[in-house]
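Below you'll find the structure, written out as C-alpha cells, and then a few comments.
Just so you know, all these numbers are worked out from the coordinates, no wet-lab data involved. As the structure is a prediction and not an experimental result, all values here were calculated from the model. Counting neighbours? That spans all protein chains shown, and the Cβs are built from the backbone with ideal geometry, glycine included.
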Amino acid sequence: MKPAFFGINAAQAGLFLAALLAVPHLLPNEYYLSICILGCLSAVIAVGLNLLMGYAGQISLGHAAFYGMAAYATAIATTRFSLPIPVGMALGVLLSVAVAWIVAAPTLKLRGHYLAMATLGFGIIVSIVFNEAVDYTGGPSGFVGIPRLSLAGYDFASDLSYYNLMAVVLALVVLMSLNLMRSRTGRALRALHVSEKAAASLGVDIAAHKRFVFVLSAGLAGLAGVLYAHYLSFIAPASFGFSFSVQLVVMVVLGGMASVWGSVAGAFFLTALPEALREFEDIDILVYGAILVLTIMFLPDGLAGGLSRLARRLRRSGGAS
C-alpha cells in the first residue's frame, strides 16, 4: 500500500468524522439522533457487505445472521454469565468470524445464484435457531435486560455519547476499507470479481481471498451486532431475519456497488426513508417501493455515482462560466 493512499484516505475519513459529529447540532430532538445511530450501525454492515459483493463479486443473502449471532452472543455472555461487557462483545465478534470461516469453505465454492441460495439457506437456519432456542435467546418474545455499553469506566448512557462512539467506529471502518481496497489485497479482490481464471493466472489465491473478504465482512456485521445489542438493551429474532439481509443488499446496490461511500449513503438513505414516509400512513410501502425503483432506474450506478456525476457537471459549469 502506498503511503500517499493512507494520507488521502485518512483526510477523507477525518472530514467524514467531523461531518458526523456536527450532525447532532442540526437535529431538532433526540429521536432523530436514534435514527442516526441505527444508520451508523447499518452503514458498518453495508460497507463490509460491499467489500464482499461490490469488490469481490460474491453474493450473500444471509448477512443478518452474523449480525444476530454477535448480538445474541454478547447478550447471553453479559447477562447469563455476568461477563464484562468488553469480553462479551469480543466473544460476539469472534463467534461471527469463526462461523463465517467455517461456512466460507463450502459455500464460496459456489457461484452466482447458487451462492446466493446457499447463504440464504444459512440465514434462514440461523433465524430458526433464534426463534426456537427459547431458553437461550428468549424466542420470538426477545431477549431483555442487556446492559448498556460501558467501556474503560465510561458509560455510554445517553444517545449523544453513543452516537459519537458510532461516528468514530464508522469513520474507522471507512478508513480501513478505503485503504484495503487500494492495497495489493484490494486489487486482487477486484481482479477476482472481473475474472477468477485471469486472477488465478496472475498468482492470486482465489480461495484464500474469497474466505478473507467473507470473514472480514461477517466480522464487521458482528461488530455492528454487539453495538446494536448494547444500545437497545433488547433484541428479537425479527431484527435479524431474511428481510433485513435483503435490505442490506439493497443498501449496497442503491448506494453504489464497489463504492465504500456509496454503502454509507445507501445505509443512511434506507434507514431514514421509512421515517420520512410515516406521514403517508397506509401507502408508505408503495411510496417506499416507488422511490427505490425510480432511484435504480435513473441512478443505475447508485447514489454515489449520481452524486459524482453531479459534482463533475457543477465543476464543468463553474469552469465554463
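For residue 151, the residues whose amide H sits under 5 Å from its own are 156, ignoring neighbours fewer than 5 places away on the same chain, with H placed 1.01 Å from N.
Would you kindly give the portion of the calculated P(r) for the stretch 6-320 that falls above 31 Å, as a percent of all Cα pairs? In whole percent, the long-distance tail amounts to 30. With the largest listed first and rounded to whole Å, the semi-axes of the equivalent ellipsoid of the stretch 127-208 from the Cα gyration tensor are 39, 24, 9.
Take the Cα coordinates of the stretch 219-321, assign each an equal point scatterer, and use the Debye formula without solvent to give log10 I(q)/I(0) at q = 0.15, 0.19, 0.20 Å⁻¹. The calculated log intensity ratios at q = 0.15, 0.19, 0.20 Å⁻¹ are -0.77, -1.06, -1.12.
At a Förster distance of 45 Å, what's the computed FRET efficiency of residue 30 paired with residue 109, Cβ-Cβ distance as r, to 0.05?
Details: r = 48 Å, r/R0 = 1.06.
For R0 = 45 Å, the calculated efficiency reads 0.40.
Classify the stretch 1-96 as rounded, prolate or oblate from the Cα gyration tensor: take a ≥ b ≥ c as the square roots of its eigenvalues, call it rounded if a/c is under 1.5, otherwise prolate when a/b beats b/c and oblate if not. The shape class here is oblate. Listed peptides 27-38, 193-204, 265-276 appear in the order 265-276, 27-38, 193-204 once ranked by packing, highest mean of other Cβ atoms within 10 Å at the front.
Could you tell me which residue out of 246, 128, 60 lies farthest along the dipole of the stretch 6-320 toward its positive end? Charges go on the beta carbon: Lys and Arg +1, Asp and Glu -1, centred on the Cα centre. Positive-most Cα among the choices belongs to 60.
Assuming a ≥ b ≥ c are the square roots of the Cα gyration tensor eigenvalues, decide whether the stretch 33-181 counts as rounded (a/c under 1.5), prolate (otherwise, with a/b larger than b/c) or oblate. Verdict is oblate for the stretch 33-181. Here the peptides 84-94, 99-109 are ranked by packing, the mean other Cβ count within 10 Å, and the order with the highest first is 84-94, 99-109. 3J(HN,Hα) couplings calculated from phi for the stretch 130-147 with the Karplus curve 6.51 cos²θ - 1.76 cosθ + 1.60 (θ = phi - 60°) are, in sequence order, 4, 7, 8, 7, 4, 5, 9, 9, x, x, x, 6, x, 10, 10, x, 6, x Hz; Gly and Pro show x.
Among 217, 40, 274, whose Cα lies farthest out toward the positive end of the dipole of the chain, if unit charges sit on the beta carbon of Lys, Arg (+1) and Asp, Glu (-1)? My answer, from the dipole projection, is 217.
Evaluating 6.51 cos²θ - 1.76 cosθ + 1.60 at θ = phi - 60° for every residue in the stretch 191-198, the Karplus couplings come out as 5, 4, 5, 5, 7, 5, 5, 5 Hz, glycine and proline recorded as x. Annotation: amide H of residue 235 within the under-5 Å range of 143, sequence separation 5 or more or interchain, hydrogens built in the peptide plane.
In sequence order, the stretch 216-222 has phi-based couplings of 4, 4, 5, x, 5, 5, x Hz under the Karplus curve 6.51 cos²θ - 1.76 cosθ + 1.60, θ = phi - 60°, and Gly or Pro positions carry x.
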